[in-house]
1. Name the residues in the range 20-46 that are among the aromatic types (Phe, Trp, Tyr) and not in a strand (DSSP E or B), would you?
2. Pairs needed: first member in the range 116-145, not assigned by TED's automatic domain parsing to the domain that holds residue 204; second member anywhere, assigned to a loop (DSSP other than H, G, I, E, B) and aliphatic (A, V, I, L, M); C-beta distance under 8 Å; at least 6 residues apart or different chains.
3. Which pairs turn up if I take residues in the range 176-205 that are without any contact (Cβ under 8 Å) to a residue 60 or more places away in the chain and look for partners that are outside any strand (DSSP E or B) and among the aromatic types (Phe, Trp, Tyr) with beta carbon separation below 6 Å, at least 6 apart in sequence or on another chain?
4. Could you please let me know if residue 20 is under 28 Å from residue 107 (Cβ atoms) and surrounded by fewer than 20 Cβ atoms within 10 Å (Cβ to Cβ)?
5. Can you name the residue in the range 57-70 that is of a type in the set (A, V, I, L, M) and surrounded by 15 or more Cβ atoms within 10 Å (Cβ to Cβ) and is also farthest from the chain's Cα centre (by Cα) among such residues?
6. Of the residues 52, 72, which single one is farther than 30 Å from residue 240 by Cα, aliphatic (A, V, I, L, M) and touching a Phe, Trp or Tyr at 6+ places or on another chain (Cβ under 7 Å)?
7. Only one of 64, 84, 93 is in a helix (DSSP H, G or I) and under 28 Å from residue 104 (Cβ atoms). Can you tell me which?
8. Do we find a residue being free of Cβ contacts under 8 Å to residues at least 40 places away in the same chain, touching a helix residue (DSSP H, G or I) at 6+ places or on another chain (Cβ under 7 Å), over 24 Å from residue 38 (Cα atoms) and surrounded by 18 or more Cβ atoms within 10 Å (Cβ to Cβ) anywhere in the range 233-250?
Amino acid sequence: MPTDPTKFQRVEIVHRKDYAEDLWVIRLRPEHRLLFTPGQYATLGVEQPEHIMERAYSICSSPLEEEVEFFIELVVDGGLTPLLHRLEVGDWLWMRRQAKGVFTLDKKSGHAQHFLVATVTGVAPYVSMVRTLAREAEAGKDPGVQLIILQAASRSWELAYREELEALAQRWNWLLYLPTISRPWDDPNWKGEVGRAEDVLRKHLDSLKLDASNTTAYLCGHPEMIQNSKGILKRRGFVKEFIREELYWVLPKKQE
């Protein structure tokens, strides 16, 4: 089946960085610039004999960048990620021409503080937001918001973008970055925060005095983290309107 050029464009892999055997970042050069809002996702696809195998991924890059960046986790029995994992710099794949999604910064509530919680690849939309605000700040524009990013992973080498976010947090007072790992016994050299995202979230809600009167919360990544964190936030008085979520997959239903 020929690919519909009105829906897809070819993109070339121009950079790849592997963080673990199952985690890697790719940068793609599209034929035509992708227009999107930080926090949105794009759909990537690999051509198969009868169809295009495709899936949506949150965009890491800023819309102010010409190339488009993604942080991907290998799902061994998945349909697309094993195909993507084999691709190297210079290879081509397909990307839908239109980005989608509503997981963007809340500009309606008037909240100055935004608490962004992620597990592993869930940091992707936050990287896009931070890069965009940083570029605007460099141009002299006041972001007008405070971003607190809590990024959780099992081990420190899975915290892609940690060095970039730490450097930006040191430069700009509107960004606070909180990395944490949950398996310190696998990572004895780690000297930072330890704990699952939900536990560290609870701690910093208290220490930073974040509540529904001044903060919008964002949850992205593992569905179990999202479910647990939503419960914590709701018990702290956060209403649905001020809890944004982006599930990357759905947990299977338990057999009764």
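The values are calculated or read from the model by the stated rules, or taken from the named source; none is laboratory data. None of the values given here were measured: they were computed from a predicted structure. Here the Cβ is made from the backbone with ideal geometry for all residues, glycine too, and neighbour counts use every protein chain on show.
1. Keep residues of the range 20-46 that are among the aromatic types (Phe, Trp, Tyr), which gives 24, 36, 41.
Matches in the range 20-46: 36 only.
2. Once the first residue is not assigned by TED's automatic domain parsing to the domain that holds residue 204 and sits in the range 116-145, no partner that is assigned to a loop (DSSP other than H, G, I, E, B) and aliphatic (A, V, I, L, M) comes close enough.
3. Here the result reads 181/190; 184/190, each pair linking the range 176-205 to a residue that is outside any strand (DSSP E or B) and among the aromatic types (Phe, Trp, Tyr).
4. Details: under 28 Å from residue 107 (Cβ atoms): no; surrounded by fewer than 20 Cβ atoms within 10 Å (Cβ to Cβ): yes.
Answer is no for this residue.
5. Kept after step one, since they are of a type in the set (A, V, I, L, M), are these residues of the range 57-70: 59, 64, 68.
From the residues that got through so far, the ones that are surrounded by 15 or more Cβ atoms within 10 Å (Cβ to Cβ) too are 59, 68.
On the way: 59: 7, 68: 13 Å.
That would be 68.
6. Among 52, 72, only 52 is farther than 30 Å from residue 240 by Cα, aliphatic (A, V, I, L, M) and touching a Phe, Trp or Tyr at 6+ places or on another chain (Cβ under 7 Å).
7. Numbers: 64 fails: in a helix (DSSP H, G or I); 93 fails: in a helix (DSSP H, G or I).
From the options 64, 84, 93, the qualifying one is 84.
8. Among the residues of the range 233-250, not one is free of Cβ contacts under 8 Å to residues at least 40 places away in the same chain, touching a helix residue (DSSP H, G or I) at 6+ places or on another chain (Cβ under 7 Å), over 24 Å from residue 38 (Cα atoms) and surrounded by 18 or more Cβ atoms within 10 Å (Cβ to Cβ), which makes the answer no.
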